[in-house]
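The values are calculated or read from the model by the stated rules, or taken from the named source; none is laboratory data. Just so it is clear, the model here is predicted, and its values are computed rather than measured. Cβ placement follows ideal geometry from the backbone for every residue including glycine, while neighbour counts extend to all protein chains displayed.
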């Protein structure tokens with residue numbers, strides 16, 4: 001089983017966590033960003049989280065420098081294109097890229113300029129490579145819920161023409177879903193699909209609430225459904241898809257090690273598991289690497305790979321015609 005050559009689907013990949021270290025170096029020099037060192041090894045050290053990272057909060061600190069550099073239309077477009085390029089080169093055929101537009105307003109770009117720049121980068125990648133990309137608009141859970149409305153309103157112009165869904169992300173606290181019910185209800189009415197980061201840091205009940213109160217169709221990570229029977233049952237009974245990111249889950253201490261990751265147990269119990277990178281740079285990984293790690297750890301065969309692949313297609317926020325095209329690649 002040649003994992004690099006097999007067609008792949010990526011449903012959970014953050015733009016700001018997937019910027020090339022070389023690009024960070026070039027943009028930092030160009031913009032005169034004050035850094036202690038401009039050596040590439042230093043850049044990699046501040047971007048890549050160690051496997052022994054102590055928590056999700058520590059993991060998220062790695063995004064500080066990329067966000068500072070993602071404040072111009074040119075940089076946003078370039079970084080989005082390069083993510084498409086890197087993905088295409090490992091035979092990813094479809095990718096859903098997520099990012100939080102509100103993090104990119106420091107230089108007074110409008111929300112539409114921010115969104116359009118990333119979409120332009122995605123389109124550039126589609127024109128050059130055999131890959132299709134869509135965009136998920138993320139919102140940080142610690143931001144006021146009312147800030148979401150403008151992004152949702154502007155994003156609806158591009159719905160099903162580059163933008164497909166909304167998401168909540170960043171550090172996870174108990175019961176975060178409640179304050180986002182109104183904006184996410186509006187998003188769903190407008191036609192956005194819903195995927196929510198939940199159950200990544202020990203709070204399985206958040207998965208239950210994300211599904212019941214926000215209408216989540218997919219759950220980012222969801223590891224801690226093991227700690228909440230109601231969450232586990234609703235994920236299983238409603239075929240809610242889990243966007244599993246193995247290396248990231250170890251780094252954020254969602255699991256202690258790859259060997260103790262529940263993904264294979266989820267698969268054996270017929271939960272809808274998909275495999276993703278989360279952040280290619282911060283986790284120093286690729287989708288091929290994620291599959292290689294779980295293949296070596298759990299001895300997955302081609303049939304299990306196909307299950308993950310088809311789960312990803314079925315869960316993708318794309319039309320049935322393109323889903324059929326993806327299925328026919330295997």
Exercise for the section: Would you be able to say whether some residue in the range 19-37 is under 27 Å from residue 220 (Cβ atoms), without any contact (Cβ under 8 Å) to a residue 12 or more places away in the chain and loosely packed, with under 15 Cβ neighbours inside 10 Å? Expected result: no
Practice task
Considering every residue within the range 42-56, establish whether at least one is crowded, with 19+ Cβ neighbours inside 10 Å and at pLDDT 95 or above.
Solution key: no
Practice task
Determine whether the range 54-68 contains at least one residue that is over 30 Å from residue 328 (Cα atoms) and over 20 Å from the mean Cα position of the chain (by Cα).
Solution key: yes
Problem - Total residues in the range 32-47, condition under 13 Å from residue 67 (Cβ atoms) and not in a loop (DSSP other than H, G, I, E, B) - result: 2
Handout entry: One residue from 198, 187 being under 18 Å from the mean Cα position of the chain (by Cα), at pLDDT 95 or above, crowded, with 22+ Cβ neighbours inside 10 Å and closer than 25 Å to residue 231 by Cα
Key = 198
Practice task
Taking the options 230, 209, 290, name whichever one is closer than 30 Å to residue 41 by Cα and either assigned to a helix (DSSP H, G or I) or in contact with a strand residue (DSSP E or B) (Cβ under 9 Å, 6 or more places away or on another chain) (or both).
Solution key: 290
Completion exercise
Residues of the range 78-94 being crowded, with 24+ Cβ neighbours inside 10 Å and in a helix (DSSP H, G or I), in sequence order, are 79, 80, 83, 84, 87
Handout entry: Selected residue [modelled with pLDDT of 95 or more and over 30 Å from residue 31 (Cα atoms)] from 120, 130, 86
Key = 130
Exercise for the section: For residues that are under 17 Å from residue 91 (Cα atoms), in contact (Cβ under 8 Å) with a residue 24 or more places away in the chain and not in a strand (DSSP E or B), scanning just the range 125-144, find the one that is farthest from the chain's Cα centre (by Cα). Expected result: 128
Exercise for the section: Scan the range 260-267 and give yes if some residue there is touching a residue at least 40 places away in the same chain (Cβ under 8 Å) and on the phi > 0 side of the Ramachandran plot, otherwise no. Expected result: no
Practice task
Kindly provide the set of residues from the range 210-237 that are closer than 29 Å to residue 158 by Cα and surrounded by fewer than 21 Cβ atoms within 10 Å (Cβ to Cβ), ordered by number.
Solution key: 212, 213, 215, 217
Practice task
Report yes if residue 2 is under 30 Å from residue 313 (Cβ atoms), out of contact with any helix residue (DSSP H, G or I) (no Cβ under 9 Å at 6 or more places or on another chain) and part of a loop (DSSP other than H, G, I, E, B), otherwise no.
Solution key: yes
Completion exercise
For residue 227, the lone unmet condition from (1) in contact with a helix residue (DSSP H, G or I) (Cβ under 7 Å, 6 or more places away or on another chain); (2) within 16 Å of residue 204 (Cβ to Cβ) is (1)
Exercise for the section: Determine, yes or no, whether residue 73 is more than 16 Å from residue 135 (Cβ to Cβ) and touching a helix residue (DSSP H, G or I) at 6+ places or on another chain (Cβ under 7 Å). Expected result: no
Practice task
Would you check which residues across the range 113-133 are closer than 19 Å to residue 322 by Cβ and in contact with a strand residue (DSSP E or B) (Cβ under 9 Å, 6 or more places away or on another chain) and list them?
Solution key: 119, 122, 123, 125, 126, 130, 131, 132, 133
Completion exercise
Looking across the range 152-184 at residues that are surrounded by 15 or more Cβ atoms within 10 Å (Cβ to Cβ) and in a loop (DSSP other than H, G, I, E, B), the single one that is nearest to the chain's Cα centre (by Cα) is 170
Practice task
Would you mind stating whether residue 166 is under 30 Å from residue 227 (Cα atoms) and either modelled with pLDDT under 95 or in contact with a strand residue (DSSP E or B) (Cβ under 8 Å, 6 or more places away or on another chain) (or both)?
Solution key: yes
Exercise for the section: Test each condition in (1) buried (at least 23 other Cβ atoms within 10 Å of the Cβ); (2) assigned to a helix (DSSP H, G or I) for residue 147 and report the one that comes out false. Expected result: (1)
Completion exercise
Considering the range 53-70, residues that are touching a helix residue (DSSP H, G or I) at 6+ places or on another chain (Cβ under 7 Å) and outside any loop (DSSP other than H, G, I, E, B), and then whichever is nearest to residue 198 (Cα to Cα), we arrive at 59
Exercise for the section: Return yes or no: is residue 281 surrounded by fewer than 22 Cβ atoms within 10 Å (Cβ to Cβ) and in contact (Cβ under 8 Å) with a residue 40 or more places away in the chain? Expected result: no
